[in-house]
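Let me begin by presenting the structure, written as structure tokens, before commenting on it.
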Amino acid sequence: MNKKRILIVDDEENIRLLYSEELKDAGYEVDMAKDAKEAQKKIDIQKPDLITLDIRMPGIDGIEFLRRFREHDKTTPVVLCTAYSDYKQDFRIWASEAYVVKSSNLEPLKNTIREVLEKSARQSEPE
Amino acid sequence: MSDNDHILHIGRISGSRLHLQTMLDQVVESAEKQLGADACALLLLDESKQTLTLKSSHGLWRSAVDAVRLPRGKGVSWRIVREKRPAALARAKDDPDFHFVPESGEESYTSMLGVPIIEEDECIGVIYVQSKKETRYSDEDISRLEKISRQVAGAIKAAWDMDRIKEKARVYTKLNGSSRLINATNDIEEIVRITANVASELIGAKVKAVWVADIDEKLKVKHFSESGSDPELLRPVCETVVTLATVSRETVNVADISADTRFEGLDIIAAVSVVCCPMIFEEQVVGAIVLADRITESPNYFVAFTSEEIHILAAIAQTAAQAVDRARTHQQLEEALEKNEQNVRELSILFQLSMAMRRTLNLEDLLRVILSCVTVGRGLGFNRAILFLVDESAGLLRGMIGMGPDSAEHAGRIWNDLEEQPPEDLVPWLLDHDIFEVKNSQFNRLARSLKFPVAGADIGAIISKVIGQKVAVNIEGAGDLEQSDMELLSAIGCERFAMAPLVVRDTALGAILVDNLYNSNPISGADMELLTRFAAPAAWAIENMKLFEKWVAESEERLDLEKQMVRVERMSTLGEVYAELAHELKNPLVSIGGFARRLISTSKSDKTSLKYASIIAGEVDRLETLLRNVLDLSKDVSIKRQENDLNFVVRDAVDFYSRILSGHGIKTHMDLDPDIDKVLIDAAWIKQVVINLILNAMEAMSCERHQALRNLSFTTQSRGSGVTLRISDTGGGIADEDFHKIFNPFFTTKSQGTGLGLSLCKKMVQLHHGSIEIDNKLGHGVTFTINLPGAPGISS
């Protein structure tokens with residue numbers, strides 16, 4: 001079974017590093033982008049199995065990026081990451097598969113990623 | 001000239017409008033000629049019918065006219081009058097009744113013929129002729145003189161009638177004039193004076209007196225004048241006749257009191273005439289006029305008042321009665337106006353009180369103004385006053401202010417000062433002038449020390465009546481007091497006082513006590529009425545002022561809160577910056593914490609390094625929670641309750657701070673119930689609550705004052721259906737004025753901090769359906785007690 005490929009989109013270098021180390025340890029292939037523009041480039045080159053997307057980013061923010069991404073990709077799961085729960089009421093995030101509040105404890109994130117990927121795999125099985 | 005000519009002549013004379021005297025002179029001359037006599041004389045009875053006066057003569061001395069007066073007696077003239085028959089005396093001196101009147105010069109005459117002058121069957125005088133040589137008068141002579149006499153009688157009558165008409169005209173002119181004078185005044189004294197004057201001008205009398213009824217309807221002498229050596233001689237006579245007239249309500253006319261039994265015992269020897277007309281208006285006797293001792297032309301004889309005079313007097317009495325009644329009505333009107341003015345004054349006091357209430361901004365000033373109104377002369381005018389208010393929580397009636405002089409001498413000085421500068425606008429003046437120097441007054445100090453129970457067995461009878469039954473009392477002496485009132489009595493030191501309740505919405509909120517210690521004026525019904533009437537708006541003013549003060553206090557608090565809110569607003573602008581900052585903080589924290597965790601999970605390093613890494617991870621955790629709390633406070637916080645051990649949560653929080661606490665010299669004492677029930681709580685939130693309380697306690701105990709004693713103790717125990725955590729510090733407690741605000745969001749006494757701590761604690765505990773209580777011991781410390789409910793199914 002191929003390793004699942006995860007694209008981490010976050011403007012914070014240390015966060016990207018932390019996430020990539022953790023996720024690599026958890027058995028994923030990891031790619032990283034520092035903003036929406038770079039993320040789109042990476043996606044164009046190689047489509048990931050899952051995207052972790054920071055909401056607050058300079059330039060195009062996560063939510064706007066998600067809206068544009070969903071216009072031509074309805075299936076690739078996206079996990080939104082944010083510092084606080086402020087965005088829970090924002091209906092635009094419904095376009096994402098999951099929503100995770102950033103924490104130094106990465107267990108919730110890893111659990112969410114696993115769940116989302118399992119779900120996604122189940123949905124694509126009949127094809 | 002023939003007889004007829006003469007008679008016609010006399011008829012012409014008497015029919016003419018000549019003066020009576022001229023007419024008499026002409027008649028006398030004519031008669032002498034007609035009868036061929038040497039002299040002729042005419043005498044008329046005066047009004048007393050006791051004297052015959054020579055009115056005209058021809059042949060006698062001129063000086064005799066009006067000088068010769070023949071008192072009723074035996075003389076020939078009087079015989080003629082008595083018998084109404086002529087007397088013809090050829091030799092006059094042979095008649096036993098005849099005697100010369102020396103001043104007339106009649107001794108030269110020998111014979112005389114006299115006839116009575118008769119008018120309406122009454123003899124009014126005598127006319128006679130005299131001759132020097134002896135003459136026997138024929139029947140013809142007699143009949144001729146009688147004819148002349150009849151003519152002259154008619155003429156005299158006509159002249160008298162004319163005189164009487166003239167007199168009447170004079171009297172009525174006079175009466176009319178006096179009536180106008182009397183009606184021009186409303187002064188009873190003036191009416192009396194004019195009445196007495198007009199009466200004495202129209203009717204000659206030595207005594208003139210006027211009685212007038214006072215309000216009590218008793219007649220009192222208002223005017224009394226008596227000419228003579230003893231100016232009070234006839235006073236008893238007048239008094240008697242006034243009684244007779246006012247009882248009978250009719251004029252009493254007594255010709256001679258010495259002959260009247262009703263005047264017996266008055267010790268009056270002389271014959272005195274007296275008349276009294278009651279002054280009656282609309283069947284009410286309003287007074288009486290008395291005239292006594294009528295002045296007569298013949299001083300030797302007294303004469304009763306004539307019916308004519310009585311009529312005049314009655315007319316005067318009638319006019320005077322009307323005038324007195326009108327004056328009295330006027331007086332009553334004026335009294336009513338005065339009363340009205342009194343009412344207006346009361347209204348003005350009340351109005352000014354309400355104005356004062358608007359002007360005064362505190363209860364103390366208001367109470368002072370109220371008592372000033374009660375004590376100053378232009379107000380209610382009591383000597384001293386005390387205002388009491390009910391202290392409901394203590395069940396006491398407390399003296400709030402006392403106003404009044406400390407001594408009689410002090411009283412005099414104050415009232416003198418007031419006389420010198422009477423205030424135009426009373427209340428504003430009172431506001432600016434502390435006339436009784438209340439602040440330094442002993443009486444005020446006394447008043448403020450008074451307190452009496454308003455309920456229970458010790459209540460005084462008076463206070464029970466005033467406060468309990470809300471009735472005003474007027475104590476007129478020690479006899480009105482009961483044993484239970486002795487404390488009140490001995491406090492104020494005056495046996496006569498009054499007390500009126502201050503009632504609002506059927507509740508007595510206090511009372512006003514007044515007395516007149518210094519001038520000893522009795523407290524009248526009217527005073528009481530005024531006091532009670534005054535007490536009503538005063539009570540409302542006090543009630544309103546209390547509400548106002550409460551409102552002000554609340555407003556101040558609100559104002560305080562507003563200041564806090566301004567700060568919060570400023571903070572929320574800052575808050576956006578903080579939120580931004582928090583975001584920026586969050587990412588590094590995630591990195592720090594994340595890598596620390598990675599160290600723990602991946603590193604093979606030594607135990608010490610692992611421990612340090614865990615501390616980093618733990619602290620980052622706490623920082624993350626703190627950041628979240630701050631940003632989540634205004635939002636709906638959801639808690640995730642799980643079965644937890646409160647002891648564990650408490651220990652966890654204290655462990656975090658054990659080094660910091662010991663660094664501040666604070667000793668922690670843990671008294672945790674080992675068998676404590678498990679509870680359903682969000683451990684993170686409850687830990688945050690404990691941490692907040694620890695931080696508060698640390699802050700409180702860190703000031704220098706509490707250097708010596710810095711203890712922080714934690715106690716947990718199971719409590720029925722839940723658990724209790726007590727955290728006690730020795731930080732000196734919270735100041736009273738701050739105490740009730742400590743749970744307000746953003747309230748803080750700290751120079752730094754958002755003030756969110758305690759309000760967040762409260763919110764959290766409430767989200768757990770628990771409660772948080774504070775026991776504040778000022779000067780010692782604060783104990784927070786947190787009660788958390790147990791969950792069904794997990795309690796032991």
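The values are calculated or read from the model by the stated rules, or taken from the named source; none is laboratory data. Computed from a prediction, not measured in an experiment: that's the story for all the values here. Quick reminder, even Gly has a Cβ in these numbers, built from the backbone with ideal geometry, and neighbours come from all protein chains shown. Accessible surface areas use protein heavy atoms only, side chains included; no ligands, DNA or RNA. Shrake-Rupley method; radii C 1.70, N 1.55, O 1.52, S 1.80 Å.
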Quick check: is even one residue across region A:82-98 within 11 Å of chain B (Cβ to nearest Cβ), closer than 29 Å to B:THR625 by Cβ, open to solvent by less than 50 Å² (accessible area, probe 1.4 Å) and among the acidic types (Asp, Glu)?
no
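For every residue, the table says whether it meets (1) under 15 Å from B:GLY770 (Cβ atoms); (2) in the same structural domain as B:HIS769 (by TED's automatic domain parsing); (3) at pLDDT below 85.
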site	(1), (2), (3)
B:ARG659	no, yes, yes
B:THR668	no, yes, no
B:ASP673	no, yes, no
B:GLN688	yes, yes, yes
B:HIS706	no, yes, yes
B:LEU712	no, yes, no
B:ARG726	yes, yes, no
Just give me the residues in region B:203-223 being among the aliphatic types (A, V, I, L, M) and part of a strand (DSSP E or B), in sequence order.
B:ALA205, B:VAL207, B:ALA209, B:VAL210, B:VAL212, B:ALA213, B:LEU219, B:VAL221
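Yes/no per residue for (1) modelled with pLDDT under 80; (2) open to solvent by less than 70 Å² (accessible area, probe 1.4 Å); (3) over 33 Å from the mean Cα position of the chain (by Cα):
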site: B:SER179; (1), (2), (3): yes, yes, yes
site: B:GLU190; (1), (2), (3): no, yes, no
site: B:ILE194; (1), (2), (3): no, yes, yes
site: B:SER200; (1), (2), (3): no, yes, yes
site: B:ILE203; (1), (2), (3): no, yes, yes
site: B:VAL210; (1), (2), (3): no, yes, yes
site: B:SER225; (1), (2), (3): no, yes, yes
site: B:SER229; (1), (2), (3): yes, no, yes
Report yes if B:GLY593 is within 30 Å of B:ARG659 (Cβ to Cβ) and either at pLDDT below 80 or within 11 Å of chain A (Cβ to nearest Cβ) (or both), otherwise no.
yes
Using the structure shown, decide if B:TYR109 is in contact with a Gly (Cβ under 9 Å, 6 or more places away or on another chain) and outside the structural domain of B:PRO236 (by TED's automatic domain parsing).
yes
Region A:31-53: number of residues that are open to solvent by less than 50 Å² (accessible area, probe 1.4 Å) and assigned to a strand (DSSP E or B)
6
Selected residue (only one of B:ILE124, B:ILE156 is of a type outside the set (Ser, Thr, Tyr) and within 23 Å of B:LYS33 (Cβ to Cβ)):
B:ILE156
Evaluate the following for B:ALA320: is it closer than 24 Å to B:ASP216 by Cβ, in contact with a Ser or Thr (Cβ under 6 Å, 6 or more places away or on another chain) and in contact (Cβ under 8 Å) with a residue 40 or more places away in the chain?
yes
Quick one: would you say B:ASN521 is surrounded by fewer than 17 Cβ atoms within 10 Å (Cβ to Cβ) and of a type in the set (S, T, N, Q)?
yes
For region B:51-86, how many residues are within 14 Å of B:GLU122 (Cα to Cα) and assigned to a loop (DSSP other than H, G, I, E, B)?
2
Can we say B:ASP480 is more than 26 Å from the chain's Cα centre (by Cα) and acidic (Asp, Glu)?
no
Hey, does region A:64-75 have a residue that's of a type outside the set (S, T, N, Q), within 14 Å of another protein chain (Cβ to nearest Cβ) and either touching a strand residue (DSSP E or B) at 6+ places or on another chain (Cβ under 8 Å) or open to solvent by 60 Å² or more (accessible area, probe 1.4 Å) (or both)?
no
